[in-house]
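The values are calculated or read from the model by the stated rules, or taken from the named source; none is laboratory data. Please read all numbers here as calculations on a predicted model, not as lab measurements. A quick note on method: Cβ atoms are made from the backbone with ideal geometry, for glycine too, and the neighbour counts reach across all protein chains shown.
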Amino acid sequence: MFLRSFVTLLILTATSFGSGCQKSSTSAQATGGAAGTKVKLQLNWVAEPEFGGFYAARETGAYAKGGLEVEIAGGGAGIPVVQMVAGGQADFGIAGADELITARLRGADVVPIFAVYQTSPQCLMAHASRNAEGISDLLSSGTVALEPGLPYAAYLKKKYGFDKAKIVPYDGGVARFVADKEFAQQCFITSEPIAASQKGATPKVFLVAAEGYNPYLAVLITRRALWLEQPERVKAFVRATREGWKSYLENPEAANALMKKLNPSMSAETFAAAAAKQKPLIETAETAQHGLGSMTRERWETLGAQLVDLGLIPSAPPTSDYLVAVD
């Protein structure tokens, strides 16, 4: 599973925009036989359930009803989504909230317009046999695989220290976890725990959000210039995206089948399990009141202050600089 990568952002800040995007799929849907306005959505990973609502919005015709013909371009390691959106190579893109704040300080004039994950799906997992009650227990002994450059790793290090457990690099898989009952590792709730379970392990998962670090994830972004010049296009995209996510959360099977064709390495069973795992992180009390994808100024301000406190940025950009009222 991908690392929602603050680290990748640091590496790619100086990367040119011509990195070459792998296109997962395109859409030529139209309303009433007339082509809609063409827009491009750049994902930061391959087709998986965390993008299910976007595919559902396209395939159910929600984008077409909004007058949009949407190309969804698959991502992967090394795809500089924020830079591509800022540079106009994509109209919309997917990023993490902490990544967006850092990118703005580096000159990328992008703005968030919809947040899929209200609760961050970033976690640590351990074997249930360890009887751990929380992340503090995992960091008190044994071995933990973590990428130290990630913001949430820095947060956990400051909160609990890394002096009692052996911290090793995260290798992106679950083989060592399955083999070693004392091994714990970072994970994404829709990925590694499911893979480990399918291999016979019994993982217990602990959300980093429960520790107080809870950035929005799978945040839909656009460049400010597009918002200022064509606000109705942006609003139409957000409205249709919300419809797509509502449809996907109610019935993910059709979009999952489409995404499986684009990502055949992932089984239908895994698609279904991931869709179920992520649902309570997308639908929350806040979204019940304010709508899917909603965001608050307070959450963004808290995140900015945390990144400053962790020494990851020198200062937090004012939320008035990048929050826009799409609805």
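Condition (residue is out of contact with any helix residue (DSSP H, G or I) (no Cβ under 7 Å at 6 or more places or on another chain) and in a helix (DSSP H, G or I)) applied to the stretch 140-150: is it met by at least one residue? Before you say what the answer is, go through the steps one by one.
Quick first cut of the stretch 140-150, residues out of contact with any helix residue (DSSP H, G or I) (no Cβ under 7 Å at 6 or more places or on another chain) only: 140-143, 145, 148.
Subsequent filtering for residues that are in a helix (DSSP H, G or I) retains none.
Checked against the condition, which is being out of contact with any helix residue (DSSP H, G or I) (no Cβ under 7 Å at 6 or more places or on another chain) and in a helix (DSSP H, G or I), the stretch 140-150 yields no hits at all.
Which ones in the stretch 147-162 are over 21 Å from GLU50 (Cβ atoms) and at pLDDT 95 or above? Let's see the steps before the verdict.
As a first pass, look at the stretch 147-162 and keep what is over 21 Å from GLU50 (Cβ atoms): 148-149, 154-162.
Selection gives ALA154, TYR155, LEU156, LYS157, LYS158, LYS159, TYR160, GLY161, PHE162.
Of the residues that sit in the stretch 79-120 and are among the small types (Gly, Ala, Ser) and touching a Lys or Arg at 6+ places or on another chain (Cβ under 6 Å), which one is surrounded by the fewest Cβ atoms within 10 Å (Cβ to Cβ)? Lay out the reasoning, then the answer.
Narrowing the stretch 79-120 to residues among the small types (Gly, Ala, Ser): 86-88, 90, 93, 95-97, 103, 107-108, 115, 120.
Now restrict to residues that are touching a Lys or Arg at 6+ places or on another chain (Cβ under 6 Å): 86, 90, 96.
Values: ALA86: 24, ALA90: 26, GLY96: 29.
Selected residue: ALA86.
Name the residue that is surrounded by the fewest Cβ atoms within 10 Å (Cβ to Cβ), counting only residues in the stretch 214-236 that are in contact with a Ser or Thr (Cβ under 8 Å, 6 or more places away or on another chain) and under 20 Å from VAL81 (Cβ atoms). Give the steps one after another, and end with the answer.
We begin by selecting, within the stretch 214-236, every residue in contact with a Ser or Thr (Cβ under 8 Å, 6 or more places away or on another chain); these are 214-217, 220, 233-234.
The next check asks that each one be under 20 Å from VAL81 (Cβ atoms); those that pass are 215-217, 220, 233-234.
Numbers: PRO215: 27, TYR216: 26, LEU217: 24, LEU220: 25, ARG233: 18, VAL234: 24.
My answer is ARG233.
Step by step: first the residues of the stretch 307-326, then only those that are over 19 Å from the mean Cα position of the chain (by Cα) and part of a helix (DSSP H, G or I), then the one that is surrounded by the fewest Cβ atoms within 10 Å (Cβ to Cβ). Which residue is that?
Filtering the stretch 307-326 for residues that are over 19 Å from the mean Cα position of the chain (by Cα) and part of a helix (DSSP H, G or I), the one surrounded by the fewest Cβ atoms within 10 Å (Cβ to Cβ) comes out as SER320.
Determine which member of the set VAL205, VAL219, VAL178, VAL144 is at pLDDT 95 or above and within 15 Å of the chain's Cα centre (by Cα).
Working: VAL205 fails: within 15 Å of the chain's Cα centre (by Cα); VAL178 fails: within 15 Å of the chain's Cα centre (by Cα); VAL144 fails: within 15 Å of the chain's Cα centre (by Cα).
Being at pLDDT 95 or above and within 15 Å of the chain's Cα centre (by Cα) holds for just one of VAL205, VAL219, VAL178, VAL144, which is VAL219.
For the stretch 189-199, does any single residue satisfy the condition of being farther than 30 Å from GLU301 by Cα and not in a helix (DSSP H, G or I)?
Within the stretch 189-199, one or more residues are farther than 30 Å from GLU301 by Cα and not in a helix (DSSP H, G or I).
Filter the stretch 153-172 for residues that are in contact (Cβ under 8 Å) with a residue 12 or more places away in the chain and in contact with a strand residue (DSSP E or B) (Cβ under 9 Å, 6 or more places away or on another chain) and give the result.
As a first pass, look at the stretch 153-172 and keep what is in contact (Cβ under 8 Å) with a residue 12 or more places away in the chain: 153-156, 158-162, 164-172.
ALA153, LEU156, PHE162, ALA165, LYS166, ILE167, VAL168, PRO169, TYR170, ASP171 - these are the residues of the stretch 153-172 that are in contact (Cβ under 8 Å) with a residue 12 or more places away in the chain and in contact with a strand residue (DSSP E or B) (Cβ under 9 Å, 6 or more places away or on another chain).
In the stretch 159-182, what residues are exposed (fewer than 14 other Cβ atoms within 10 Å of the Cβ) and within 20 Å of GLY212 (Cα to Cα)?
Residues satisfying the conditions are LYS159, GLY161.
Identify the residue in the stretch 246-299 that is hydrophobic (A, V, I, L, M, F, W, C) and assigned to a loop (DSSP other than H, G, I, E, B) and, among all such residues, is farthest from THR60 (Cα to Cα). Reasoning before the result, please.
Of the stretch 246-299, the ones hydrophobic (A, V, I, L, M, F, W, C) are 249, 254-255, 257-259, 262, 266, 268, 271-276, 281-282, 285, 288, 292, 295.
Filter once more, so that each one left must be assigned to a loop (DSSP other than H, G, I, E, B): 266, 292, 295.
Working: MET266: 23, LEU292: 18, MET295: 25 Å.
Result: MET295.
Condition check ((1) assigned by TED's automatic domain parsing to the domain that holds THR296; (2) among the basic types (Lys, Arg); (3) out of contact with any Cys (no Cβ under 9 Å at 6 or more places or on another chain)) across all residues:
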{"residue": "LEU146", "(1), (2), (3)": "no, no, yes"}
{"residue": "ALA154", "(1), (2), (3)": "no, no, yes"}
{"residue": "LYS159", "(1), (2), (3)": "no, yes, yes"}
{"residue": "GLU192", "(1), (2), (3)": "no, no, no"}
{"residue": "THR202", "(1), (2), (3)": "no, no, yes"}
{"residue": "VAL219", "(1), (2), (3)": "yes, no, yes"}
{"residue": "LEU226", "(1), (2), (3)": "yes, no, yes"}
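Looking only at the stretch 120-139, how many residues end up being assigned to a loop (DSSP other than H, G, I, E, B) and out of contact with any strand residue (DSSP E or B) (no Cβ under 7 Å at 6 or more places or on another chain)?
Initially, the stretch 120-139 is screened for residues assigned to a loop (DSSP other than H, G, I, E, B), giving 120-121, 131-134, 139.
Filter again for out of contact with any strand residue (DSSP E or B) (no Cβ under 7 Å at 6 or more places or on another chain), leaving 131, 133, 139.
Total satisfying the criteria: 3.
Being under 14 Å from the mean Cα position of the chain (by Cα) and small (Gly, Ala, Ser) is true for just one of GLY107, GLY88, GLY67, GLY75. Which residue is that?
Details: GLY107 fails: under 14 Å from the mean Cα position of the chain (by Cα); GLY88 fails: under 14 Å from the mean Cα position of the chain (by Cα); GLY67 fails: under 14 Å from the mean Cα position of the chain (by Cα).
After applying the criteria, what remains is GLY75.
Of all residues in the stretch 268-308, count the ones that are touching a residue at least 12 places away in the same chain (Cβ under 8 Å) and either more than 26 Å from ALA255 (Cα to Cα) or not small (Gly, Ala, Ser) (or both). Lay out the reasoning, then the answer.
So the first thing to find is which residues in the stretch 268-308 are touching a residue at least 12 places away in the same chain (Cβ under 8 Å), and the list is 268-275, 277-284, 286-287, 291-295, 297, 299-301, 303-304, 306-307.
Those left that are additionally either more than 26 Å from ALA255 (Cα to Cα) or not small (Gly, Ala, Ser) (or both): 269-271, 277-284, 286-287, 292, 295, 297, 299-301, 303-304, 306-307.
Looking only at that region, the number is 23.
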